[in-house]
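**Q** Sharing a structure below in structure tokens format, with a few things to ask.
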Amino acid sequence: MAARCWRKYNFLNTFYRQNLKTRFSTKTLSDALGLPESLPISENFEFRSESSHPSNQNIASNALLKCNLNNQTQSGVKLKVKAEADAEQLSLQPTPSFTNIGSSSSLIAASRPASTRSIGCSRRDYSTGTTTNNNLLDNRTQSHTGGATGTVNIGTTANINSATHLLNSDFNFPNNSSVKISENDPLKHTTHHLFKFFNISEDIAQMLQISLILRQEFVARMKALHENSIMLRSPGLECIEILRASCNPESIATKIVLYGDDGCGKSSTFVNVLHTCYQMDWMVICPVRHYLWNKYFSEVTISSRKSGRIDIPKEGVDFLMSIKQMNSQVFQKFGDSLRTVEAYTWSKKEATSAGSTIEELLDFGIERPKYSCDVAGAFLKEVRLNGKNWPMPVFIALDGVNSFFAPTKIFTDRVKRISLPASQISLVHNLLKLISQPWHNGGMLLVADERANPLDKRASCQPRYLLGEEGFNMANPFIPIHVENYNHQEINNTLDYLIERKWIQNQHYRTSKEARKELIFLSDHNPLFLENVLKAV
């Protein structure tokens with residue numbers, strides 16, 4: 001009973017979450033779904049497909065439940081639906097109607113807008129035809145409306161034994177001999193290694209602190225399996241190719257913005273790029289969990305260097321320690337050539353002279369927490385002004401960068417609840433300078449994450465929405481890369497990997513194709529949803 005309710009909820013949440021206006025125009029809705037003729041549903045029944053509308057949920061839920069109850073007697077039901085976009089509103093021509101649709105993706109695709117590589121895209125690309133996004137292997141012939149409102153008509157013959165069978169028929173699973181890459185060096189990965197898992201050594205994983213970057217669900221699995229394996233996906237490989245081609249002393253730092261739905265794999269892509277830059281002996285600057293700086297802090301002090309700014313000394317020390325830890329091999333290899341070009345005075349008795357090594361500068365900030373935020377600002381200034389003369393590129397990675405434009409929990413007036421802008425925190429202010437001002441010999445990977453926004457500002461995953469006008473203009477120009485949910489090959493390789501590593505131990509889910517279809521359907525191809533579904537297996 002619980003599984004059936006969960007399945008029904010996922011179907012409704014996926015199929016109706018877009019704000020579409022859907023009209024069923026075949027005989028009657030009851031005839032199309034195989035319900036008793038006595039069910040009073042008139043022809044051309046029309047409803048708003050918003051998941052929050054209670055009447056729509058009740059009607060659709062009852063229809064789906066009745067379809068389940070009558071699954072033994074219904075077969076060969078013909079659904080004839082025609083898809084037309086509102087061309088007047090969106091200035092688009094109506095797309096061709098569906099043909100030969102036999103899977104859940106086809107039904108769900110009718111309610112989703114097309115995903116493109118532009119900043120305005122928001123969902124997975126289901127219009128695969130002869131060409132697919134990033135050469136993905138899901139080549140079912142589909143087309144769908146791209147409008148906010150439309151009329152849906154589907155033309156196919158489906159054998160409806162149950163609602164689950166209707167949504168999951170026509171799946172062909174790949175037969176892979178191995179889902180792991182024997183070559184763990186990310187510099188040797190190519191498109192031939194896509195959709196497979198590679199391992200990050202434990203030493204490097206601790207050095208880069210990936211356990212603080214990834215979701216705790218994935219970290220727990222890695223600890224249990226005693227290996228730090230992540231999948232090589234198209235967005236990660238694309239980011240690496242862009243950075244390797246554009247990072248040189250003569251060119252301005254390239255900015256890449258990753259975005260996508262919650263749980264789609266942005267953090268694992270982030271870790272993949274971070275690991276590759278580390279292996280290329282680049283200087284890596286990655287403040288771990290910086291999106292918590294404006295919410296949770298141990299101590300707040302007034303900046304002695306700039307009036308009106310706030311210092312968070314403990315977080316400043318953690319930031320400096322992470323820089324030194326992640327770049328230990330860089331300082332060992334290039335330490336003597338990394339020197340300051342300016343002198344910095346911290347107090348009447350303490351100063352850093354021009355020509356001091358960067359490592360000495362960092363050590364001073366770690367030993368003197370009072371000046372940790374000022375030292376971090378001086379280090380980032382050296383990157384901005386003198387990075388082009390350094391013997392290696394600088395890679396700056398910020399996961400949840402939109403937190404820099406969200407309100408803080410530091411109140412200037414607690415009665416009126418007026419909070420201090422995040423840009424007034426010294427560490428944030430200096431990182432924003434790197435985002436807004438041009439500098440050379442490096443690259444930036446920024447992740448726009450819904451979780452970094454307040455709860456009332458998570459309606460969309462688009463960079464324009466999450467960053468806001470100020471953040472969007474500050475980051476512009478940038479290269480947007482959409483991280484999508486798993487495709488057909490990726491989710492099957494993930495399940496094969498988990499079966500091979502005996503993470504899935506239930507014999508039914510290890511061997512049955514129907515059980516695998518159920519897992520794919522319940523997870524909706526989302527990596528995080530799949531991890532949560534597997535907790536019950």
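The values are calculated or read from the model by the stated rules, or taken from the named source; none is laboratory data. This one's a predicted model, so the numbers in the text were calculated from it and none came from an experiment. Glycine gets a Cβ as well: all are built from the backbone with ideal geometry, and neighbour counts include every protein chain shown. Please note that ligands, DNA and RNA were not included when accessible areas were found on the heavy atoms of the full protein model with its side chains. Shrake-Rupley method; radii C 1.70, N 1.55, O 1.52, S 1.80 Å.
**Q** Calculate the FRET efficiency for Thr301 and Val415 from the Cβ-Cβ distance with a Förster distance of 22 Å, rounded to the nearest 0.05. Numbers along the way, then the final one.
**A** Working: r = 23 Å, r/R0 = 1.03.
After rounding, the FRET efficiency stands at 0.45.
**Q** Turning to a different aspect of this structure: Note down the accessible area of Glu470, probe 1.4 Å, to the nearest 10 Å².
**A** 110
**Q** What nm distance separates the two modelled labels at Leu225 and Gln325, each placed 7 Å from Cα along Cα→Cβ?
**A** Here the modelled spin labels are 2.4 nm apart.
**Q** Taking only Cα atoms of the range 416-537, what ratio of Rg to Rh do you get with Rh as the Kirkwood inverse-distance radius? Provide the component values of the computation, followed by the final result.
**A** Working: Rg = 20.7 Å, Rh = 18.1 Å.
Dividing the radius of gyration by the Kirkwood radius yields 1.14.
**Q** I'd like the FRET efficiency for Glu217 and Ser460, computed as 1/(1 + (r/R0)^6) with the beta carbon distance as r and R0 of 25 Å, rounded to 0.05. Don't jump to the answer; show the numbers that get you there.
**A** Values: r = 24 Å, r/R0 = 0.94.
Using R0 = 25 Å, I get an efficiency of 0.60.
**Q** Tell me, in nm to one decimal, what length is gained between Ile499 and Asn532 on full extension, where the rule is 0.36 nm per residue of separation less the Cα-Cα distance? Before the final figure, lay out each step's value.
**A** Values: separation 33, 0.36 × 33 = 11.88 nm, distance 1.59 nm.
Stretched out fully, the Ile499 to Asn532 stretch lengthens by 10.3 nm.
**Q** Enumerate the amide H contacts of Arg339 below 5 Å, restricted to partners 5 or more residues apart or on another chain; note that Pro and chain-start residues carry no placed amide H.
**A** Here Ile358 satisfy the definition.
**Q** Let me ask something else. So how many Å³ per residue does the convex hull of the Cα atoms of the range 196-269 work out to? All intermediate terms of the calculation are to be shown ahead of the outcome.
**A** On the way: hull volume 8.3 nm³, N = 74.
Expressed per residue, the convex hull around the Cα atoms of the range 196-269 is 112 Å³.
**Q** Then there is this: Stretched out fully, how many nm does the piece from Glu250 to Thr357 gain, at 0.36 nm a residue minus the Cα gap? Working shown, then result.
**A** Numbers: separation 107, 0.36 × 107 = 38.52 nm, distance 2.36 nm.
Roughly 36.2 nm would be gained on extension.
**Q** How long is the gain from Ser347 to Asn476 if the chain were fully straight, where each residue apart is worth 0.36 nm and the alpha carbon distance is subtracted?
**A** Numbers: separation 129, 0.36 × 129 = 46.44 nm, distance 3.76 nm.
Roughly 42.7 nm would be gained on extension.
**Q** Another question about this same structure. For the range 239-482, go through all pairs of different Cα atoms, get the mean of 1/r, take its inverse, and jot down that Kirkwood value in Å.
**A** Values: mean 1/r = 0.0542 Å⁻¹.
Result for the range 239-482, one decimal place: 18.5 Å.
**Q** First measure r as the distance between the Cβ atoms of Glu367 and Ser178, then evaluate 1/(1 + (r/R0)^6) with R0 = 51 Å and state the FRET efficiency to the nearest 0.05. Each step should come with its number before you reach the end.
**A** Values: r = 49 Å, r/R0 = 0.97.
The formula returns an efficiency of 0.55 here.
**Q** According to a simple spin-label model (label point 7 Å from Cα along Cα-to-Cβ), what is the distance in nm between Gln332 and Lys188?
**A** Placing both labels 7 Å along Cα→Cβ, they lie 2.1 nm apart.
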